[in-house]
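A.B. asks: What follows is a single structure, and I will ask about it in a moment.
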Amino acid sequence: RLKLAILISGRGSNMEALLRAAEDPAYPAQPVLVASNRPDAKGLETAASAGIATASVDHKIYGKDREAFERALDTELEKAGTEIIALAGFMRVLTPWFVGKWQGRMVNIHPSLLPKYKGLHTHQRALDAGDTEAGATVHWVSPGVDDGEIIQQARLPILPGDTADSLAARLLPVEHKLYPEALAKACATLQASNS
Ligand code: GAR
């Protein structure tokens, strides 16, 4: 099993979905660390109660120095023996240094049907565009924001009367099913390239 670190910034419901999937000994990733850039992230408590090691690396301490923050984060990742990283609601843009170091070993979940709506406010933008479907994408992380190779997507119809909040709420359980599946695929790809 690949040693998995999950990076979060908040609630961590996708993280929980990954932890749950990994309770199956046949799942190809084994969680070794949950780390947050926000010390008050709710998901840190959830992870700790599940018996997973946690780390909090407060980006605010490093001010504008993104690399200094990432070096501190990277130290935690290395200490835990991380082999693959899953970003799960991790809301910091990563520098080319960090992405370069972990490229091919780091995936992200994004709440849109990429390549549509990179960045923030994905659901409002889908509604404003008059789209008839929304969705989520798990992709490899590359230097461009939300730009890496797509691993798997899940789609969801937009209903009359939908708001950004109602869409986000309906998408969440879809994400929770998608992410463990897509991460398993990513692990298989990585293991094939390692062997
Ligand atoms: C999820 O909807 C995820 O797709 C999104 O944030 C939410 C995190 O929820 N990610 C992004 O917007 C990344 N730019 P969670 O903390 O409960 O998993």
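The values are calculated or read from the model by the stated rules, or taken from the named source; none is laboratory data. What you see is a predicted model, and the numbers here were worked out from it, not measured in a lab. Cβ sites come from the backbone with ideal geometry, for glycine too, and all protein chains shown count toward neighbours. Surface areas here come from the heavy atoms of the whole protein model, side chains and all, with no ligands, DNA or RNA. Shrake-Rupley method; radii C 1.70, N 1.55, O 1.52, S 1.80 Å.
A.B. asks: If one computes the Cα centroid of region 3-71 and of region 149-180, what distance in Å separates the two points?
C.D. replies: Here the answer is 22 Å between Cα centres.
A.B. asks: Considering only 127, 173, 34, whose Cα is most displaced toward the positive end of the charge dipole of the chain, charges sitting on Cβ of Lys, Arg (+1) and Asp, Glu (-1)?
C.D. replies: About the Cα centre, the residue reaching furthest to the positive side is 34.
A.B. asks: May I pose another question? If R₀ is 35 angstrom, what is the calculated FRET efficiency for the pair residue 68 and residue 1, using the beta carbon separation as r and rounding to 0.05?
C.D. replies: Details: r = 32 Å, r/R0 = 0.91.
The calculated FRET efficiency here is 0.65.
A.B. asks: Give, rounded to the nearest 20 debye, the magnitude of the charge dipole that the chain has about its Cα centre when Lys and Arg contribute +1 at Cβ and Asp and Glu contribute -1 at Cβ.
C.D. replies: 160 debye
A.B. asks: Let me ask something additional. Of all accessible surface on region 1-128 at a 1.4 Å probe, what whole percent is carbon and sulfur?
C.D. replies: 51 percent
A.B. asks: Output the peptides 177-187, 140-150 sorted from most to least packed, where packing is the average of other Cβ atoms within 10 Å over each peptide's residues. Before the final figure, lay out the partial values.
C.D. replies: On the way: 177-187: 20.6, 140-150: 16.0.
Most protected by this proxy first, the peptides run 177-187, 140-150.
A.B. asks: I've got another one for you. Sort region 1-107 into rounded, prolate or oblate with this rule: let a ≥ b ≥ c be the square roots of the eigenvalues of the Cα gyration tensor; rounded if a/c is under 1.5, and if a/c is not under 1.5, prolate when a/b is larger than b/c, oblate otherwise.
C.D. replies: oblate
A.B. asks: Taking the Cα atoms of the chain, report the difference between the largest and smallest coordinate on each principal axis, in whole Å and largest first.
C.D. replies: Here the spans come out as 49, 41, 33 Å, largest first.
A.B. asks: Check the straight Cα-Cα distances from residue 60 and name the lysines below 25 Å, setting aside those fewer than 8 residues away within the same chain.
C.D. replies: 42, 79, 101, 118
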